[in-house]
Amino acid sequence: MKALIGGVAWLALVCGIHAAGLADALPAQPCGPGRPASDRAWWDGWAKTPEAAKAVKAAEDWQVKPMPAFDAERYLDFITNGDRTRYQEINSRRWDRFRCLVTGECVEGKGRFVPAIGDTVRSLCSDPSWILPAHDHGALVFKGDPPYADLGVAMNGYQMALAAWLLDGRLPAETLKLMRENVSKRLTGPVLKTIDGTAPKNVLTGHWWAKANHNWNAVCTAGAVGAILATETSRETRAKAVEWAVKNTDVFLSGFGKDGYCTEGLGYWNYGFGHFAVLAETLRAQTGGAVDLFKKESVRWIAAAPARLEITDGVYPSFADCGLGAKPDGNLIALVKFRIAKEP
């Protein structure tokens with residue numbers, strides 16, 4: 001196995017990543033990052049931390065609140081008056097409920113939150129669209145056109161794919177089936193058809209972000225490929241997705257200057273480069289280090305950019321879409337320092 005990984009790593013370095021040489025390096029079964037909830041030794045250890053206690057408290061709070069309903073009128077706000085906030089606010093709360101309940105169940109492992117998770121899953125999977133209204137041109141997916149992945153689908157679909165993996169065997173079989181069917185229908189299926197060129201025209205058009213050199217590329221690629229790795233049983237299919245992801249990230253990284261600065265501002269450094277880092281960690285773990293996006297020279301400059309942007313202690317410039325007072329995310333800074341031994 002070590003020789004195989006070494007060979008794939010060399011191939012990745014000199015020729016780019018090729019699916020045919022990568023499949024055997026991937027896990028035999030689809031999986032996500034971390035450990036599934038069935039690994040109680042791991043989760044019970046983490047359950048002793050203050051963060052875990054907060055996670056359980058958040059799940060308890062959501063358990064007693066009713067699930068906010070999908071609101072078709074709010075969804076159509078964008079095409080009638082250009083407003084996106086009314087729908088996105090309630091949609092965020094719906095998915096927050098899902099994430100908090102799943103995390104609470106993983107931490108506690110007693111089945112206390114399972115009924116509420118099932119209710120939440122059934123509600124989310126009955127939505128006519130997971131795409132944010134501003135990205136569903138003419139509300140055509142809402143009205144029945146084939147779905148495609150945008151920022152919302154990529155992030156939320158990935159969360160549902162991971163939840164199905166984390167809680168496999170701990171949720172009712174019908175709930176897991178519903179979760180996986182919807183991830184396939186709304187996210188991984190359309191993306192895989194885009195990868196092999198068989199997607200319908202509206203889906204190919206909707207996946208314009210695969211060739212974009214800004215945050216959409218990193219966010220959507222990380223969510224889509226992460227979900228494929230967590231759900232697709234075929235190693236060959238997963239390998240093709242990894243190959244596609246590496247090509248996409250080359251385009252994403254080309255949007256940064258040679259000095260590593262993000263023209264979208266520090267807030268989008270957190271957002272776009274943060275999702276790139278999530279993808280990089282996922283690919284590194286699942287290929288045994290054969291695919292390591294942090295080894296790209298440009299990534300070193302991008303990772304070091306916030307330190308060069310700091311005007312004085314904790315003060316950074318705001319430009320482009322960057323919000324006033326934006327700062328580099330502490331967890332992201334810690335990760336890149338861990339992965340990159342020295343700055344350029």
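Rounded is the label for the chain, because a/c, from the alpha-carbon gyration tensor with a ≥ b ≥ c as root eigenvalues, stays below 1.5. Within the accessible area of the chain, what % is carbon and sulfur when the probe is 1.4 Å and the other protein chains stay in place? After summing per-atom areas, the C and S share lands at 56 percent.
The helix-based estimate of mean residue ellipticity at 222 nm for the chain, built from -39,500 (n - 2.57) per DSSP H run of four or more residues and divided by its residue count, is -17500 deg cm²/dmol to the nearest 500. Summarising the amide proton neighbourhood of F319: residues at separation of 5 or more, or on other chains, whose placed amide H is nearer than 5 Å comprise L266. Applying the criteria of a DSSP loop state and at most 10 other Cβ atoms within 10 Å to the trypsin sites (Lys or Arg not before Pro) of region 237-344 yields K258, K342. What the phi angles of region 280-285 give under the Karplus curve with 6.51, -1.76 and 1.60, with θ = phi - 60°, is a coupling list of 4, 5, 5, 5, 4, 5 Hz, glycine and proline written as x.
Inverting the pair-averaged 1/r between distinct Cα atoms of region 182-330 gives 16.2 Å as its Kirkwood hydrodynamic radius. So what's the gap between the Cα centers of region 184-262 and region 79-156, to the nearest angstrom? After rounding, the separation between the Cα centres reads 20 Å.
Between V64 and A173, the contour length at 0.36 nm per residue exceeds the alpha carbon distance by 36.8 nm.
Remark on G289: its backbone amide H falls under 5 Å from none of the residues 5 or more positions apart or on other chains, H modelled at 1.01 Å from N. Note on S298 and T80: the extension gain reaches 74.2 nm, defined as 0.36 nm multiplied by sequence separation minus the Cα-Cα distance. Rolling a 1.4 angstrom probe over the protein heavy atoms with all chains in place gives the chain an accessible area of 47 Å² per residue. Derived scalar couplings between HN and Hα for region 30-45 equal x, 7, x, x, x, 10, x, 5, 5, 7, 5, 4, 5, 5, 5, x Hz in order, rounded to whole Hz, by the Karplus curve 6.51 cos²θ - 1.76 cosθ + 1.60 (θ = phi - 60°), x for Gly and Pro. Within the listed set E73, E232, E243, the residue fluctuating most in the Gaussian network model of the chain (springs between alpha-carbon atoms under 10 angstrom) is E73.
When a/c is below 1.5 the answer is rounded, else prolate if a/b is larger than b/c, else oblate, so apply that to region 63-210 with a ≥ b ≥ c taken from the square roots of the Cα gyration tensor eigenvalues. Cα axes put region 63-210 in the oblate bin.
Karplus-derived 3J(HN,Hα) values for region 259-272, using 6.51 cos²θ - 1.76 cosθ + 1.60 with θ = phi - 60°, are 7, x, 6, 9, 5, 7, x, 5, x, 7, 5, 4, 6, x Hz; glycine and proline are entered as x.
The values are calculated or read from the model by the stated rules, or taken from the named source; none is laboratory data. Small disclaimer: the values here were computed from a predicted structure and weren't measured. Cβ atoms come from the backbone with ideal geometry, glycine included; neighbour counts cover every protein chain shown. These area figures cover heavy atoms from the full protein model, side chains too; ligands, DNA and RNA do not enter into them. Shrake-Rupley method; radii C 1.70, N 1.55, O 1.52, S 1.80 Å.
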